[in-house]
Amino acid sequence: MAAAPASASAERFRMVLEVPLMNASLASAAVKALRVDPLLSPGRSERDMTAEDGVVKITLVADDARTLRSLSNAHFDSLSLIVATMQEHAPHEKLAPASQAP
C-alpha cells in the first residue's frame, strides 16, 4: 500500500486499497456509499472504485503526495464509518473473510 509515483514522467502518485468483505453484496454497498462523496481535488486527483468478488478496490491517483495523503485519509475515514454501520445493522454477519479477521 505504499504510495509511489505512477510514472517517472507524469510525477503522479498512486495508491491501491483492497478491502475484503464477506460477500459481494456488502462490497457493492460500500462502493455505492463511497461514490456519494465528491472528489476532494478533481483537477489534481482521480479515483476509481470497484467491487469484485466481495473485495472493495479503490485506486487513488494524485499530482502530489500531500493530495494523495488527504485523499487516502478521507477514504479510510469513510470506509471505517461504512464498516461500523454494517456491523451495527448486520451484527450477525461477519464482515471480513475468516482469513482476514483478527
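Suppose each label sits 7 Å from its Cα in the direction of the beta carbon; what would the D63-T50 distance come out to in nanometres?
Rounded to a tenth, the inter-label distance reads 2.8 nm.
Give the accessible area for D64 in Å² (nearest 10); use a 1.4 Å probe, count only protein heavy atoms, and leave out ligands, DNA and RNA.
Counting only protein heavy atoms, D64 exposes about 40 Å² to solvent.
For V56, which sequence-distant residues (separation of 5 or more, or a different chain) have an amide H within less than 5 Å of its own amide H, given hydrogens modelled in the peptide plane?
Amide H neighbours of V56: V19, L21.
With every protein chain present, what accessible area does R69 have (1.4 Å probe, heavy atoms only), rounded to the nearest 10 Å²?
130 Å²
The values are calculated or read from the model by the stated rules, or taken from the named source; none is laboratory data. Note that this is a predicted model, so its numbers are computed, not measured. Neighbour counts are summed over all protein chains in view; Cβ atoms, including those assigned to glycine, are modelled from backbone coordinates with ideal geometry. Just so you know, the surface numbers come from the protein's heavy atoms only, side chains and all, with ligands and any DNA or RNA stripped out. Shrake-Rupley method; radii C 1.70, N 1.55, O 1.52, S 1.80 Å.
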